[in-house]
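*Asks:* This is the structure I want to talk about, given as structure tokens.
The values are calculated or read from the model by the stated rules, or taken from the named source; none is laboratory data. Computed from a prediction, not measured in an experiment: that's the story for all the values here. Cβ atoms come from the backbone with ideal geometry, glycine included; neighbour counts cover every protein chain shown. Just so you know, the surface numbers come from the protein's heavy atoms only, side chains and all, with ligands and any DNA or RNA stripped out. Shrake-Rupley method; radii C 1.70, N 1.55, O 1.52, S 1.80 Å.
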Amino acid sequence: MKFTKIVLAVALMIAGVSVNAQETEQVEFKPHMFLQIQGGGQYTLGESDFGKLLSPNAQIALGYQFNPVWALRLAVNGWQSKGGFTDNETYKWNYVAPGLDVKFNIVNAIGGYNPNRIFGLNLIVGAAANIGFNNDEEFYTYSGHYLGKYWDGTCVNPVGRAGLDLDFRVSKRVSLNLEAMSNFTLERYNSKADYEKANADWYFNALLGVKIALGATEKVTRAAEPVIIEEPAPAPVKPEPKPTPKPKPVVKKAPEMQTEIFYEIRETVIPASEQGKINNLIAFLKANPETKVNVTGFADAGTGNPKINMKYSEGRAANVVKALTDAGIDAARINMDAKGDTVQPFSENDKNRVTIAIAK
């Protein structure tokens, strides 16, 4: 019970480690396959000293993550096991154990899915078939008499297993993995002749390795723009006839000019092919000294991300402003702005790499 409380406390703490996604994006979990490659050690429960019953161990697994909480994996574990009767008498054999495991992500079950979470804690429960071989070492009892083994050649035993693993994410597809598993099987596993007892044989694995997602683990979508439904306008009311007003004097409208400077992808310097437009804008501003100009930079939403695109739009607007002030246009007549990829003035994606200058 105390162990369960500790695990839940750790999971809740880990669940709090999060980074909010940008408000303009929605990140959803995407089902994917994964590969685990691990190596470490095994302790086979027996009568000898702990250190003399340690063996090398390795595991490779291929799995599928159905959702943020549940996964299924096919794992092949094996290498070596050891047995013994006294502190000095030990023997060893080899085995391979293919099995099927269910993984339950405790952190996502408690704290919900978070694509930026660093840690994950999984509960693992599964079953396997332990195939033992190379059991050819002779051994003796503490009285010095030869002890016959229950099996030699090859022996297959059913195995139940359970444990925990901790994932430490280093990228969207790669994480370091620490796994601890306990395995229980039939009494005959250690090949001692008292196999008919109702006891179980146990061995424990501690493994460190890497987990690699074989495909994208998340799907990013932009938040939909709100739909504005306009209410129908009320029926027009027929106005009463009014006296015909005297015509107002005609006011001459001030001249206006709009210039669009287009750029290549990831460029902020005014292209040579667009320099003529800058020259025309300078000439217009000099010919109409009462006018002011609004210079606005944009970036296309089809490439980059909002943060990078805002820098591109700022650079494009700043270079146009610099060209105007270098040509003698008073900075007080210029207003500069940058929209990044939040506004797309053109339906064609590539045309949105643009600076729009409106003089009036």
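*Asks:* Roughly how many nanometres apart are two label points built 7 Å out from the Cα toward the Cβ at ASN288 and ASP49?
*Replies:* My value for the distance between the label points is 9.5 nm.
*Asks:* Any chance you could run the full-extension gain for SER347 through LYS30? It's 0.36 nm times the residue separation minus the Cα-Cα distance, nm to one decimal.
*Replies:* Once the chain is fully extended between SER347 and LYS30, it gains 111.1 nm.
*Asks:* Multiply the residue separation of THR154 and PHE184 by 0.36 nm, subtract the distance between their alpha-carbon atoms, and state the gained length in nm to one decimal.
*Replies:* 8.9 nm
*Asks:* May I pose another question? If I take R0 = 41 Å and measure r between the Cβ atoms of ASN199 and SER171 in this structure, what FRET efficiency does the formula 1/(1 + (r/R0)^6) give, to the nearest 0.05?
*Replies:* FRET efficiency, ASN199 to SER171: 0.35.
*Asks:* Between LEU74 and PHE133, what is the spin-label point distance in nm, taking each point 7 Å from the Cα along the Cα→C-beta axis?
*Replies:* 1.9
*Asks:* Rg and Dmax of region 267-360, Cα atoms, in Å?
*Replies:* When restricted to Cα atoms, region 267-360 yields Rg and Dmax of 13.3, 40 Å.
*Asks:* PHE104: accessible area at probe 1.4 Å, nearest 10 Å²?
*Replies:* Estimated to the nearest 10 Å², PHE104 gives 60 Å².
*Asks:* Something else about it: Just flag the GluC sites (Glu not before Pro) in region 267-323 sitting in loop per DSSP whose Cβ has no more than 14 other Cβ atoms within 10 Å.
*Replies:* GLU267, GLU290
*Asks:* Which entries in the list LYS277/LYS360; LYS311/LYS351; LYS277/LYS311 go over 20 Å, if you measure between the two C-alpha atoms of each?
*Replies:* From the list (LYS277/LYS360; LYS311/LYS351; LYS277/LYS311), the Cα-Cα distance tops 20 Å for LYS277/LYS311.
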